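Undergrad: First the structure, which I've put down as C-alpha cells, then a few questions once you've had a look.
The values are calculated or read from the model by the stated rules, or taken from the named source; none is laboratory data. Quantities reported herein were computed from a predicted structural model and do not represent experimental measurements. Here Cβ is always computed from backbone atoms with ideal geometry, including for glycine, and neighbour counts include all displayed protein chains. Quick note on the areas: whole protein, heavy atoms, side chains included, nothing else; ligands and nucleic acids left out. Shrake-Rupley method; radii C 1.70, N 1.55, O 1.52, S 1.80 Å.
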Amino acid sequence: MSLAHLAGLLADPTRAAFCMALLDGRAWTAGELARHARVAPSTASEHLSRLIAGGLLAEERQGRHRYVRLAGPEVATLIEDLASFPTPAEPTDRPPAPAPGSLREATRTSAEARARTCYDHLAGRLGVSVRDAVLARGLVTDEDGPALTDRGRSWLAELGVELPPRAGRSGGRPVVRTCLDWTERRSHLGGAFGAALCRTALDRAWVERIGSGRALRVTPDGDRALRELLGVAL
C-alpha cells in the first residue's frame, strides 16, 4: 500500500474514529461502530468496506452478524503512533483536551490516560509505569533495542505465563517492542511480552474494563500484585 493511499484511508474522521475504537483489541459490529461514530449504518458500511479493502481491518462473519477488528498488532501500532504525533497547535506535555462542554468525554479521556488497552497491551500511566518497572528490574533491556532478558523469562515462568511459540522468530511477533503512548508521550510495552502481561492482568482480574471502551480500572487485587511483583504503585 502506498503512503498516499494509507493517508487517504485514515484522513476521514469517521474511518479514524473506527480505528481508534478498535484499538481496544476486540471485534465490533458495524452497527456498534456506526453508533460510536454517530453515522448512519449505510455510511459506516461504506467506510468499513474501504478499510477492509485497504488491509487495515479484518472482517469476520457469524451468521447474520458482521464483525470487524484491526488486521493485526502492526496496524494497532501504526494507529497508536499516529495518534501520539503532536500537531503544531497541540501541546506535547499533556493529552489533547476533550471537546468543550463534554463531561462524558472528559471523564473517558481521564480514565484512558490512567490505564487503558492499546490493542492487546497496557497503555496510559499504568502501561508506562509497568515499562519503567520491568526495565528497572532487568526483566527487559533497552541497550540494543528492547529485548526480554533471561531474568525476564524466568520471571514469566514463575508467573506461569507463556509466550507464543513463534514470538521472536521469522514471521512471528516481536517478543518486545515499544509503543509511544499518546497520553503520556513516553513508551509503553507492546509485542508478545506486552500482550502476555495485559492478558494475564485481565485473566487474573488485576484490571477490569470500564464500560465498553478501552479504559481499565486497577482492582484491589491488581494493586497488590503490581506492588509485589513490580513495585508499581498508582
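Undergrad: For Arg199, project a label point 7 Å along Cα to C-beta. Then give me every residue of segment 132-152 with its amide nitrogen under 15 Å of that point.
TA: none
Undergrad: Could you bin all the Cα-Cα distances of segment 172-234 into 5 Å bins starting at 0 and give me the percent of pairs in each, rounded to whole numbers?
TA: 4, 16, 19, 27, 24, 9, 1, 0
Undergrad: A further question on this structure: Quote the accessible area belonging to Leu57 in square angstrom, nearest 10, computed with a 1.4 Å probe and with ligands, DNA and RNA left uncounted.
TA: Around 10 Å² of this residue is reachable by solvent.
Undergrad: May I pose another question? Quickly estimate the mean residue ellipticity at 222 nm for the chain, helices only: each DSSP H run with n ≥ 4 gives -39500 (n - 2.57), and the total goes over all residues, rounded to 500. Don't jump to the answer; show the numbers that get you there.
TA: Working: 10 runs with 110 residues, N = 234.
After summing the helix terms and dividing by the residues of the chain, the value is -14000 deg cm²/dmol.
Undergrad: While we're here: If you line up the long axis of helix 150-159 against the longest principal axis of the chain, both from Cα atoms, how many degrees apart are they, to the nearest 10?
TA: Roughly 80 degrees between the two axes.
Undergrad: Calculate the dipole size of the chain relative to its Cα centre from +1 charges on Lys and Arg beta carbons and -1 charges on Asp and Glu beta carbons; express the result in debye to the nearest 20.
TA: Values: 32 positive and 28 negative charges, 116 e Å.
Here the chain has a charge dipole of around 560 debye.
Undergrad: Moving to a separate point now. Heavy atoms only, 1.4 Å probe, whole protein assembly: order Ile79, Ile210 by accessible area, highest first. Present the calculation step by step, with values, prior to reporting the outcome.
TA: Details: Ile79 10, Ile210 55 Å².
Final ranking, largest accessible area leading: Ile210, Ile79.
Undergrad: Let me ask something additional. Of (i) 19.3; (ii) 18.7; (iii) 17.1, which is the value of Kirkwood radius over Cα pairs in Å derived from the coordinates here?
TA: (ii)
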